[in-house]
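In what follows, a single structure is set out as structure tokens and then discussed.
The values are calculated or read from the model by the stated rules, or taken from the named source; none is laboratory data. Remember, it's a predicted structure, so these values are computed and weren't measured experimentally. Quick reminder, even Gly has a Cβ in these numbers, built from the backbone with ideal geometry, and neighbours come from all protein chains shown. Ligands, DNA and RNA are excluded from the accessible area calculation, which covers all protein heavy atoms including side chains. Shrake-Rupley method; radii C 1.70, N 1.55, O 1.52, S 1.80 Å.
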Amino acid sequence: MTKDNQKRSISTHLIAGGSAGFIEACTCHPLDTIKVRMQLRTKNAAQGQPRGFIGVGLRIVKKEGALALYKGLGAVVSGIVPKMAIRFSSFEIYKSWLADKETNKVSTGFTFLAGLAAGVTESVLVVCPMEVVKIRLQAQRHSMMDPLDIPKYRNAGHAAYTIVREEGIGALYKGVALTCIRQATNQGVNFTVYQEIKKRLLAKQDLKELPSYQALLVGGLSGAMGPISNAPIDTIKTRIQRAPNPSGESGWTRFTSVTGSIIKNEGYRAFYKGLTPRLLRVAPGQAITFMVYEEVKQWIDFWSTIMKNDAQAERNVE
């Protein structure tokens, strides 16, 4: 791959990934808000409240207004473009490093490693700070229908500023290790399943690119694998990121404290709170992401080819 082609490839991943992420976030964010509320609810607080994700969602709408389902969306959208740029670009870069030098093919194992590395990279650079802000906004229980009910965090920017001012910049990286583990396993499984199924479908149908509906279905299937495998990590991470750490408490101490508290007070099943809305968000979210990503990438490649051909034709005329 030449330097110019590599630059074009990275810019293509940036635009295609950012577009996919924006549409995915706007479509699926309400399910993420419900998931966070279910994960944050303790056993005592849950008494007398609806348990299912539909009941929790209806309660949020009734008590706080329909827009409350989109709390924290600004934090997500503001991080979507860099997150998706880092995810897809770093995956392609890591994959190229791990590819066979002669055949340029990547084994299934190395595809998984590239996905793991991409997940860690996006976690450190974007996901962890973004999720701390998002969770703080989603955890606020205030009515968006009452203008006098003013929350502590007014929006994503204000939340980030307030957190840093009151708790320091390190507060934005609470739960970073758990976020890395979650994102690494998510992207390792996600990319591996997607790439392997895509490879087989293309070979079987003798195609260069997947039709949109196939990218949608394969993306949804691959996206469902991660949440099933790392639900406990996601629940612990959410609890840790919700509130400030007690003074002087280390990250490991906080992790063991939160984990022990969940087991003691709520039981092991509590680690899977919010799994249903998370699956309902992540699976269709990944389906949308991969479909839009593939479509935008093909659109960019199509117009890039036309522009190159036009430029070449002009040079030939001259």
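Here are some notes:
- To the nearest ten degrees, helix 53-64 and the longest principal axis of the Cα atoms of the chain are 70 degrees apart.
- Ligands, DNA and RNA are left out, and with a 1.4 angstrom probe the accessible area of segment 96-188 is 50 Å² per residue.
- Label-point separation, I54 to E167 (7 Å along Cα→Cβ), nm: 3.5 nm
- Gyration tensor (alpha-carbon) shape descriptor, segment 226-318, a/c threshold 1.5: prolate
- Angle between the chain longest axis and helix 128-139 axis [Cα atoms, degrees, rounded to 10]: 40 degrees
- For segment 199-240, the share of accessible area belonging to carbon and sulfur comes to 67 percent (1.4 Å probe, ligands and nucleic acids excluded).
- Placing R0 at 30 angstrom, the Cβ-Cβ distance between I306 and V61 gives a FRET efficiency of 0.05 after rounding to 0.05.
- Where (i) 30, 54, 15, 1; (ii) 22, 29, 25, 16, 6, 1, 0; (iii) 34, 61, 5 are the candidate values, the label of the one calculated here for P(r) over Cα pairs in 20 Å bins from 0, in percent is (i).
- Accessible surface, segment 255-315, averaged per residue in Å² (probe 1.4 Å): 56 Å²
- In degrees, nearest ten, helix 108-122 long axis to first principal axis of the chain (Cα): 60 degrees
- Looking at segment 254-290, none of the chymotrypsin sites (Phe, Trp or Tyr not before Pro) sits in a DSSP loop with at most 16 other Cβ atoms within 10 Å of its own Cβ.
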